[in-house]
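Undergrad: Can you read through this structure? Questions will come right after.
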Amino acid sequence: MARASRLFALCAAALAVSACASTTESNTGRTATEQLLLARAAERAVEGLVLPLPTGSRIYVDEVYFRIDTSAYAVSAIRAALSEAGYRLATDRNQADAIFEIRAGALSLEQMRRVVGLPEMRIPINENLTVVSLPELSLYSRRDRMGVAEFSGFLYEARTGAPLGAVSPMIGRYRIRSHKALMVVSWGQQSANPGERDPGSSWKEF
């Protein structure tokens with residue numbers, strides 16, 4: 001009886017220690033990889049941005065119609081590209097030579113999966129629409145995850161509103177790719193890495 005009591009006490013102590021060691025993690029709306037895919041796509045979209053105005057012009061970026069998720073990062077990327085191109089940024093539209101009104105066609109994620117074999121399927125088996133899920137049976141599969149950005153805008157004179165030109169769609173894509181053979185062996189780019197501007201070749205990453 002005493003031995004059983006000691007064993008119970010040891011088990012209780014072990015449970016108490018393990019409970020004290022547990023941690024809690026919070027989850028954001030998007031994973032870090034999803035956020036990085038969007039950020040890299042936005043940066044690629046505005047690379048080499050040039051306006052039909054002389055460099056040195058003072059530009060006010062009007063973002064009132066730029067309504068998308070992560071819009072603050074994309075707007076900042078546009079402002080950075082203008083600054084790098086030699087334009088001056090105005091904090092007030094009344095101090096600007098021109099207004100650059102920007103809009104977003106897209107800033108989102110796309111995912112594509114290719115399978116050599118049978119993909120995962122859901123099959124109704126009776127008139128009550130009972131569904132049976134069949135697992136993937138493949139020799140090889142490939143998963144692409146890509147951030148896609150499309151921005152555009154137009155310019156007008158700050159004081160008179162006279163048109164000064166338009167900026168054709170600025171398009172950016174950033175993709176990572178992973179592979180799987182025989183549904184077991186995985187390699188490739190499983191995630192986007194912070195600070196990385198070029199994901200490289202997915203065939204060489206394990």
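Undergrad: Have a look at G86, G165 and point out the one that is of a type outside the set (D, E), touching a residue at least 60 places away in the same chain (Cβ under 8 Å), open to solvent by less than 70 Å² (accessible area, probe 1.4 Å) and within 19 Å of T55 (Cα to Cα). Explain how you work it out, then say what you get.
TA: Working: G86 fails: touching a residue at least 60 places away in the same chain (Cβ under 8 Å).
Going through G86, G165 in turn, the sole match is G165.
Undergrad: When you check S152 against the structure, is it under 30 Å from E63 (Cα atoms), of a type outside the set (A, V, I, L, M) and surrounded by 12 or more Cβ atoms within 10 Å (Cβ to Cβ), yes or no? Talk me through it step by step, then tell me what you get.
TA: Values: under 30 Å from E63 (Cα atoms): yes; of a type outside the set (A, V, I, L, M): yes; surrounded by 12 or more Cβ atoms within 10 Å (Cβ to Cβ): yes.
Judged against the criteria, S152 is a match.
Undergrad: Return the only residue of F100, F151 being of a type in the set (F, W, Y), part of a strand (DSSP E or B) and in contact with a helix residue (DSSP H, G or I) (Cβ under 7 Å, 6 or more places away or on another chain).
TA: Answer to the check: F151.
Undergrad: When the residues of the stretch 175-188 are narrowed to those that are in contact with an Asp or Glu (Cβ under 8 Å, 6 or more places away or on another chain) and at pLDDT 95 or above, which ends up surrounded by the most Cβ atoms within 10 Å (Cβ to Cβ)?
TA: For the stretch 175-188, the residue satisfying everything is I176.
Undergrad: Next question, about the same structure. Looking at the structure I just gave you, is E25 among the acidic types (D, E) and either open to solvent by less than 30 Å² (accessible area, probe 1.4 Å) or at pLDDT 95 or above (or both)?
TA: So E25 fails the test.
Undergrad: Moving on. Please verify whether S133 is in a strand (DSSP E or B), of a type in the set (G, A, S), open to solvent by 60 Å² or more (accessible area, probe 1.4 Å) and in contact (Cβ under 8 Å) with a residue 12 or more places away in the chain, treating the condition exactly as stated.
TA: yes
Undergrad: Let me ask something additional. Look through Y65, Y73 and report the one residue that is of a type in the set (F, W, Y), open to solvent by 60 Å² or more (accessible area, probe 1.4 Å) and in a loop (DSSP other than H, G, I, E, B).
TA: Of Y65, Y73, the one residue that is of a type in the set (F, W, Y), open to solvent by 60 Å² or more (accessible area, probe 1.4 Å) and in a loop (DSSP other than H, G, I, E, B) is Y65.
Undergrad: Related question: Between residues in the stretch 64-78 that are modelled with pLDDT under 95 and polar (S, T, N, Q) and residues that are part of a helix (DSSP H, G or I) and open to solvent by less than 70 Å² (accessible area, probe 1.4 Å), which pairs lie under 6 Å by C-beta distance while being six or more apart or on different chains?
TA: Between residues of the stretch 64-78 that are modelled with pLDDT under 95 and polar (S, T, N, Q) and residues that are part of a helix (DSSP H, G or I) and open to solvent by less than 70 Å² (accessible area, probe 1.4 Å), the close pairs are T70/L38.
Undergrad: Would a scan of the stretch 186-206 turn up a residue that is part of a strand (DSSP E or B), aromatic (F, W, Y) and touching a residue at least 40 places away in the same chain (Cβ under 8 Å)?
TA: Of the stretch 186-206, the ones part of a strand (DSSP E or B) are 186-188.
Retained after the next criterion (residues that are aromatic (F, W, Y)): 187.
Keeping just the survivors that are touching a residue at least 40 places away in the same chain (Cβ under 8 Å) gives none.
Scanning the stretch 186-206, I find no residue that is part of a strand (DSSP E or B), aromatic (F, W, Y) and touching a residue at least 40 places away in the same chain (Cβ under 8 Å), so the answer is no.
The values are calculated or read from the model by the stated rules, or taken from the named source; none is laboratory data. Everything numeric here is computed off the predicted structure, so don't read it as measured data. Note: ideal-geometry Cβ built from the backbone for every residue, glycine included; neighbour counts use all protein chains shown. Side chains are part of the model used for accessible areas, which takes the heavy atoms of the whole protein and leaves out ligands, DNA and RNA. Shrake-Rupley method; radii C 1.70, N 1.55, O 1.52, S 1.80 Å.
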